[in-house]
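Please read the structure below before turning to the comments.
Computed from the coordinates by the stated procedures, all read-outs in this text should not be read as laboratory data. Source: prediction; values computed, not measured. Using ideal geometry, Cβ is built from the backbone for each residue, glycine included, and neighbour counts are taken over all protein chains shown.
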Amino acid sequence: MYESRAHPPLPRAHFARRLLLHASVALLLLVGSLGVGIVGYRYFEGLSALDAFLNSAMLLGGMGPVNTPRTPGGKLFAGLYALYAGLVFIVTATLVFTPIAHRILHRFHWDGKP
């Protein structure tokens with residue numbers, strides 16, 4: 001997927017397309033994860049759609065839940081979702097910054113000889 005050090009860096013248009021692809025995958029992951037959180041909070045805690053969205057978004061953003069879970073199922077879901085949200089945060093950041101880091105490092109290591 002990425003060019004080796006023997007190949008020149010991608011032209012800007014190709015790099016922009018690669019960056020857009022990575023950002024799109026990250027956005028899909030976030031939207032899907034937000035949907036899972038909303039459904040889980042609504043089912044296990046009986047929260048309104050807006051409150052479920054708020055709790056899910058806060059966890060995915062690394063801030064923590066707003067409403068304290070009251071039911072055993074809600075507590076289990078909130079704990080597992082918090083662990084999942086932490087991983088999603090790391091994966092999303094990696095997806096967005098990997099093409100940028102690769103391009104910077106590739107420019108330093110490219111020797112210009114095919």
Inset, instruction - Just grab the label-to-label distance for ILE104 and LEU80, each label 7 Å out from Cα along the Cβ direction, in nm (one decimal). - result: 3.8
Legend entry - Other-chain or far-sequence residues with amide H under 5 Å of LEU47's (modelled H): ARG42
Inset, instruction - Run the numbers on segment 19-109 and let me know its relative contact order in percent, using alpha-carbon pairs under 8 Å that are six or more apart. - result: 34
Inset, instruction - Could you tell me which of PHE44, VAL88, LEU54 has its Cα farthest along the dipole of the chain towards the positive end, charges placed at Cβ (Lys, Arg +1; Asp, Glu -1), taken about the Cα centre? - result: VAL88
Inset, instruction - Describe numerically, in nm with one decimal, the distance between label points set 7 Å from Cα along Cα→Cβ at VAL25 and at VAL66. - result: 3.2
Inset, instruction - Taking the Cα centre of the chain as origin, sum charge times position over the Cβ atoms of Lys and Arg (+1) and Asp and Glu (-1), and report the length of that vector in debye to the nearest 20. - result: 380
Inset, instruction - Can you give me the span-like helices of the chain, meaning DSSP H runs with 20 Å or more of Cα extent along the axis and Kyte-Doolittle mean at or above 0.0? - result: 12-45, 72-109
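Return the FRET efficiency for the residue pair TYR43, ILE90: r is the Cβ-Cβ distance, R0 is 41 Å, and the value is rounded to the nearest 0.05.
Values: r = 26 Å, r/R0 = 0.64.
With R0 = 41 Å, the Cβ-Cβ based efficiency is 0.95.
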